[in-house]
Every structure is written in structure tokens, then in C-alpha cells.
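**Q** Structure in C-alpha cells, see below.
The values are calculated or read from the model by the stated rules, or taken from the named source; none is laboratory data. Everything numeric here is computed off the predicted structure, so don't read it as measured data. Cβ atoms come from the backbone with ideal geometry, glycine included; neighbour counts cover every protein chain shown. Heavy atoms of the whole protein, side chains included, go into the accessibility calculation; ligands, DNA and RNA do not. Shrake-Rupley method; radii C 1.70, N 1.55, O 1.52, S 1.80 Å.
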Amino acid sequence: MASDSDLVTQLLPLDELIQVVYQGSSRFVVLSSVESDWTVHVGLSGPGGRWWRGAWGSKDIRGAVGLKASSDAIEAYAGRLADAFAKGEMCIGNWSSQKGAGVNLVLGTTTDAPAHVALAELPAEEAAAFATKVFTDIAIQAQSRGSRLHPSPFAAVSTIATLPSKPSGSRDPPSKPSTSEVERKAEAEITALQTELAKAKSAPSGAETPSSRTTGKRRADADADGATSRTTKTSRPLTKAPSNDASKLRSIAKSGRGPVAAAARGASLANPTKKARKYQALEFGSDDDD
């Protein structure tokens, strides 16, 4: 069993915690601290700001954990409460704005045994003193960041710049190339292409470059394809529909009439009917009759 003197050490996970709780139309700020016991302060935000305070001593802690709980068990319990505090798993139980209302802080609302800390409202003077103390602590912490209330947005950049370098033997896990690396690779490729183009322009007219050889090969392939296409077109048989005159001649030849039909049968066009020709002798007058 842990002694009362060791109790504060086991409760240190609950020290210096702050959280905002929204409940209905109200907003509360909750602070947790550990001195001789575990103390919580709850403030109501708004024009009529009010403060409440509650505390758990060794008796309350042992009542929640167990009378014979070890130091490890108490520390584990405090760690669970701190985790619930950081996640905002809390509420104001029995909330009422009336003076003297018996409100309490319920911490660990998702656990089987949440902690219920009774709250008592502070007088105005004591509430103002506590608020001043909180702001004093904030001002002291702000001195380490140039007296700024909030950390500077450039703090992360400066932290990365001052990180120590890794040993020479260490290896980084493979990562995706950054945008700057991609741009550098693109610029290198563009430079290589420009260099090749410049060499091609400055080369003699008869010299061949890799790009000219590739262009010539493509042109030769294109010419060969064109020649093959022309040869295919030329080798096709030409067909022509018969004219009307040829059709007429074949029709007459089949009928067997006329000189054209005779010519079609092999007869002479000069004597297609093969009739005997009569020749009449020519008579010439004598010179004596004159």
C-alpha cells in the first residue's frame, strides 16, 4: 500500500492541466493541479464570471482506487483521469446557476467509474485572486517565446532548422520525392533536350544525329507503305461496263439481218447477200464514124 507521502508523486499526471467544456449555452474552463492533494478549479465564462473549487485528498483517492491499492495502481488511475481530461471527457454535474447549488465535476464520463469532485463557489475576492495567479503563470511561460501570449507560427520552422543532424551511418526510410526534387529532375531533362537540339543544329548537313536517323527511318517506312499502297491499287483489274453501242451490235448480230449481222457471220460487207454480179461490157466508138 502506498503511503500518503508518496500519493502526490502518483498524482502528478493530473498536474497543470487545462480544458474547455461546452455544456448547453454555457462555457466552462477547468484547471487541474496537484500540490498536497488534487485540486480542480472551474470557471464560468461570460460577463458574470464565477469560479468554483474542488479537491480530492488521500481519503478520496483511496476510496476510488482501493484502500490497499499500490503506488502503481494509483499512478495508473491518475493516468486514466489525465487522459480523459485531455480528451474533454467531462461535464458539470447537477449544473445550476443558483448560488450555493451543489454542482460537481464529473471526470471520465466514458469510463465505468468516473470521478465526481464536489465544487464550492469561491467568493468574488478569492476568485479574482485565483484568476490573477493564473494570468501570472501564463505571463511567466510566455517569456520563453518572446513574451507572446500564443506561440509564434514561425517557431515550428526555426525548430526544424535547428534539429541536430543524424549520424553518418544512419539510414532514412524511403520517402516520396518532394516538389523541389521533381522540379530539379524536370529542369535536368529539359536541359538535356536543349543540348541535344543545339548539337543537331550545329552538326554538318551530311552528318547524322540520333534524331535525324530516327526521322529518316520513319520517312523510309512511310515511303515503303505508300509504294505498297500504289502497287496494290495498280494491280487491281480494271472493269468497264459495256457501252450502249456494243450492246446494239450484239443484238443486230443475233438477229441475222443487215450488213452488220453478215459481218458478224464472216460475210463480206461489199456483197453481203452473195448474189451473182453481172458485168456489162463497155463499148467504145470507132474513130471511123467521125
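**Q** Counting only residues that are touching a residue at least 24 places away in the same chain (Cβ under 8 Å) and in contact with a Leu (Cβ under 9 Å, 6 or more places away or on another chain), how many does region 38-52 have?
**A** Result for region 38-52: 8.
**Q** Further question: Identify, from the list Asp172, Asp137, the residue that is acidic (Asp, Glu) and either modelled with pLDDT under 90 or open to solvent by less than 60 Å² (accessible area, probe 1.4 Å) (or both).
**A** Sole residue among the options that is acidic (Asp, Glu) and either modelled with pLDDT under 90 or open to solvent by less than 60 Å² (accessible area, probe 1.4 Å) (or both): Asp172.
**Q** Confirm whether Val20 is part of a strand (DSSP E or B), hydrophobic (A, V, I, L, M, F, W, C), under 17 Å from Val117 (Cβ atoms) and at pLDDT 90 or above.
**A** No; evaluated as a whole, the condition is false for this residue.
**Q** Among the strands (runs of 3 or more DSSP E) contained in region 32-131, which hold 1 or more residues that are open to solvent by less than 30 Å² (accessible area, probe 1.4 Å), touching a Ser or Thr at 6+ places or on another chain (Cβ under 7 Å) and modelled with pLDDT of 95 or more?
**A** 38-44, 90-93
**Q** Taking only region 25-74 into account, find how many residues are over 45 Å from the mean Cα position of the chain (by Cα), of a type in the set (Ser, Thr, Tyr) and within 21 Å of Gly88 (Cβ to Cβ).
**A** 1
**Q** Determine, yes or no, whether Ala155 is at pLDDT below 90 and open to solvent by 60 Å² or more (accessible area, probe 1.4 Å).
**A** no
**Q** Still on this structure, I have one more. Kindly check whether there is at least one residue in region 53-71 that is among the charged types (D, E, K, R), touching a Leu at 6+ places or on another chain (Cβ under 6 Å) and more than 14 Å from Val117 (Cα to Cα).
**A** no
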